[in-house]
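Okay, so here's the structure we're looking at.
We did not get these values from a lab; they are worked out from the coordinates using the rules stated. The shown structure was predicted, so the numbers you read here are calculated from the model rather than taken from an experiment. FYI the Cβ positions are ideal-geometry reconstructions off the backbone, even for glycines, and counts take in every protein chain you see.
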Amino acid sequence: MADQYAHHGEDKPPTDIPAIRWEEPPEGPVLVLLDQTRLPVEEVELVCTDASALVEAIRTLAVRGAPLLGVAGAYGVALAAARGFDVDEAATALAGARPTAVNLSVGVERARAAYRAALADSTDPQQAAAATLAAARQLHREDAEASVRMARHGLALLDELLPGGGHRVLTHCNTGALVSGGEGTAFAVALEAHRAGQLRRLWVDETRPLLQGARLTAYEAARNGMAYTLLTDNAAGSLFSAGEVDAVLVGADRIAADGSVANKVGTYPLAVLARYHHVPFIVVAPVTTLDPHTPDGASIEVEQRPGYEVTEFSAPQVPVMGAGGGVAVAPLGTQAYNPAFDLTPPELITAIVTEEGVVSPVTAEALADLYARSRQVSGG
């Protein structure tokens with residue numbers, strides 16, 4: 001069950017509300033989420049008391065972003081264990097909530113493994129629940145630490161590729177604190193550049209059809225005092241042709257073994273534009289986004305979203321008019337093609353930045369080596 005927990009209106013100054021947190025009120029443990037569908041108009045939190053509520057929050061994008069989905073999935077398993085629900089049933093439902101983002105299933109399985117291991121040592125369900133929560137919290141901490149390291153590696157790469165500073169960076173979708181236990185992935189690199197006085201301009205794709213760039217990245221950029229400009233996705237080409245883009249920074253929802261990257265739809269056209277205009281195209285993602293079990297991009301399941309997200313325009317506090325809850329912008333009955341992600345092949349990617357270092361050129365061998373080293377460090 002999910003309920004509105006708190007409301008923070010536009011008339012109040014910005015607050016530092018975490019994207020996700022675990023709380024234990026007298027009536028039982030809950031998972032509290034910042035409802036990202038309501039941003040930037042209002043800051044509203046949702047309370048999930050069971051895994052089914054979290055599944056719904058994931059599907060409706062109240063909580064989103066690959067790294068954060070991994071953390072949310074782990075906490076969802078911990079919530080099921082703490083409240084005495086069927087852990088395997090909850091884990092299966094959570095892992096299938098968004099199929100493209102591999103972090104979600106990784107987080108779920110990590111928490112479920114901790115639960116099963118605890119039960120093997122003791123039949124006490126409370127001890128098993130505590131062990132599951134500890135695993136989720138550890139993943140949360142690791143994600144925050146990974147964010148810091150990715151930001152440093154990413155800025156070092158930018159400075160190497162673009163000596164002289166004054167970086168003008170184009171980004172797509174949202175990759176900041178709203179998708180992470182820390183300050184994000186690609187956005188964290190731009191933020192690190194901003195703090196170092198090296199960011200001249202952050203170009204923000206509005207990111208159709210759900211406007212994660214306009215609603216969320218612009219929101220985070222404004223809160224951090226960054227110099228940013230919002231543009232429609234189809235205006236990116238004119239920026240490149242005018243020589244206004246020095247680098248592209250994007251995140252990833254899944255990276256296949258060959259280096260193919262699944263990311264928010266609209267990413268692949270940016271990679272093509274970057275290659276034509278000789279601009280570095282950089283993917284920033286934690287090692288948990290690497291999927292050695294998926295051989296190539298063709299093997300990645302691409303989530304198909306409802307058509308009304310294209311045929312209707314939805315925004316917070318807009319009167320409900322269409323079947324999907326938004327204002328109709330296409331004739332009734334219009335069919336829509338609405339993949340949530342597209343695939344960028346490794347040959348279009350300048351580098352992949354992770355917390356364990358930079359992979360460039362992007363090859364299957366280099367990614368396999370990095371993944372193996374990261375497993376040795378984590379003891380996985």
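Summary of computed values
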| item | result |
| --- | --- |
| Computed E for Gln376/Ser299 - FRET, C-beta separation, R0 30 angstrom, nearest 0.05 | 0.70 |
| Prolate/oblate/rounded label for region 188-265 (Cα gyration tensor, a/c 1.5) | rounded |
| Ellipticity estimate at 222 nm from DSSP helix runs (n ≥ 4, -39,500 (n - 2.57)) divided over the chain, nearest 500 | -12000 deg cm²/dmol |
| Antiparallel DSSP beta bridges within the chain, percent to nearest 5 | 55 |
| Kyte-Doolittle mean at least 0.5, axial Cα span of 18 Å or more - DSSP H helices of the chain | 66-82 |
| Distance in nm between pseudo-label sites at Ser241 and Asp124 (7 Å out along the Cβ direction from Cα) | 6.9 |
| Cα gyration tensor shape for the chain, rounded if a/c is under 1.5, else prolate or oblate | oblate |
| Cα-centre dipole for region 2-143 with unit charges at Cβ (Lys and Arg positive, Asp and Glu negative), debye to 20 | 480 |
| Only Lys, Arg (+1) and Asp, Glu (-1) charged, at Cβ; region 147-378 dipole about Cα centre in debye | 560 |
| FRET efficiency for Ala330 and Val41, using Cβ-Cβ distance with R0 set to 30 Å, rounded to 0.05 | 0.80 |
| Extension gain, Glu347 back to Ala364 (0.36 nm per residue minus Cα-Cα distance, nm) | 5.0 nm |
